[in-house]
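The values are calculated or read from the model by the stated rules, or taken from the named source; none is laboratory data. All of these numbers come straight from a predicted model, not from anything done at the bench. Here Cβ is always computed from backbone atoms with ideal geometry, including for glycine, and neighbour counts include all displayed protein chains. Each accessible area value is taken on the protein alone, full model and side chains, heavy atoms only, with ligands, DNA and RNA left out. Shrake-Rupley method; radii C 1.70, N 1.55, O 1.52, S 1.80 Å.
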Amino acid sequence: MNPDADVIDAAITDQNVTVNWNADCTVPLLLSFPHSGTRYPDDFGYAPGLAFNVIDYPSDRYVDELFAHADVLGLSSIRANFPRAYIDVNRHQHDIDRAMLEEPERWYGRLQPTAVLNGTTLFWSRAKETDIYDRKLSHAEAKRRLATCHVVYHQALTTMVEALRRRFGSSVVIDCHSMMQFDTKAQGGRARPEVDIGTRHGESCDPALAQKLLECFERRGYDVGLNRRFAGGEITLRYGWPEINQHLIQIELRRDLYMDEETRLRNDRFEAVKQDCADILTEFKQFIENQQGGHKTTQDREHQEMENSNG
């Protein structure tokens, strides 16, 4: 009996998070999609008249579709169903811009904001250099978003990671994201690599894992960076601990490869990129299986011990 089954099953039914859990997985690999949500909550309350391509701009639309082959491979995955601007699960829960709250001095928790000027804290305040809100967030709605989205996502992901580690002795999470083609004007407007692999500069995973992914993309003609533009956010920091065989790799795919950044629609290269991602995921899964070698799961070891005792 899997001790985590009930907890994981409960997460599957949550409206804000979709968990695809394969209890019979053969490798300790799972995928995370923290920013691909398309379900806009009724209580979002962003400024009236805000264009969809503005409010949806922070989201990593279609990335979960690009890696949909994970299901065919029997890999588990987790996806946030809400848009990134509503609440960003790749931010620390204390990363809150006090200017966004009603009476911030009365907030029950800490206020430790990071990118206030860019408007990209836990609750995004700006997108495409446009204000998202024409109002302040109440304490009740901010706390509700934390409880029903941020906490639920991380508790489910933690449970999945722990289940893999108990079964295989290790876990590997690929945290899947997308990025704009160019840096912002304030950042210099430079073109970004087509793919950027983030490992917190080698701190969040076994370097061999990142190198394998890099080679898989390069072999298919992609310009690939390693911590060149994005080294990883809160999810990388929270779950990337190779010291205990818990590995996290962040992947950023450049949006113009598969979609129109302005209209938010798929482009004519979408299917080709999707096939590349499927092939890369298949190859990476095989790489991890080879790394596992003769490693047995906990159930395998218990079965072997029973056979030996009955011998």
Between 0 and 90°, nearest 10: helix 270-292 axis offset from the chain longest Cα axis | 40 degrees
Of the candidates 240, 287, 201, the farthest towards the positive dipole end of the chain (Lys/Arg Cβ +1, Asp/Glu Cβ -1, centred on the Cα centre) is 201
Report, in degrees rounded to the nearest 10, the 0 to 90 angle that the Cα long axis of helix 298-310 makes with the longest principal axis of the chain.
-> 20 degrees
Going residue by residue through the range 247-259, the Karplus relation 6.51 cos²θ - 1.76 cosθ + 1.60 with θ = phi - 60° gives ³J(HN,Hα) values, rounded to whole Hz and with x marking Gly or Pro, of 10, 9, 10, 9, 10, 10, 9, 6, 5, 5, 5, 9, 8
In sequence order, what are the phi-derived ³J(HN,Hα) couplings for the range 80-90 according to the Karplus relation 6.51 cos²θ - 1.76 cosθ + 1.60 with θ = phi - 60°, rounded to whole Hz, with x for glycine and proline?
-> 7, 8, 8, x, 4, 5, 5, 7, 9, 6, 9
Compute the acute angle (0 to 90°) between the alpha-carbon long axis of helix 207-219 and the principal axis of greatest extent of the alpha-carbon atoms of the chain; round to the nearest 10°.
-> 70 degrees
Could you tell me the accessible area of residue 182 in Å² (1.4 Å probe, neighbours in place), rounded to the nearest ten?
-> 100 Å²
What's the percent breakdown of Cα-Cα distances in the range 108-256 across 10 Å bins, shortest bin first?
-> 10, 31, 33, 21, 4, 0
Would you work out if the range 120-161 is rounded, prolate or oblate? Take a ≥ b ≥ c from the square roots of the eigenvalues of the alpha-carbon gyration tensor; rounded if a/c is under 1.5, else prolate when a/b is larger than b/c, oblate otherwise.
-> oblate
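According to the square roots a ≥ b ≥ c of the eigenvalues of the Cα gyration tensor, what is the shape class of the range 13-57, taking rounded for a/c under 1.5, prolate for a/b larger than b/c otherwise, and oblate for the remainder? Could you put the intermediate results ahead of the total?
Working: a/c = 5.90, a/b = 2.57, b/c = 2.29.
Taking the square roots of the gyration eigenvalues as a ≥ b ≥ c, the range 13-57 is prolate.
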Given backbone amide H placed at 1.01 Å from N, residues whose amide H is under 5 Å from that of residue 29, ignoring those fewer than 5 places away on the same chain, are 172
Around residue 225, which amide H atoms from residues at least 5 apart in sequence, or from another chain, sit under 5 Å from its own amide H, with H modelled in the peptide plane?
-> 195, 196, 197
Distant-in-sequence amide H partners of residue 126 (H built 1.01 Å from N, under 5 Å) = 132
Using only Cα atoms, what is the ratio of the radius of gyration of the range 1-143 to 2.2 N^0.38 Å?
-> 1.19
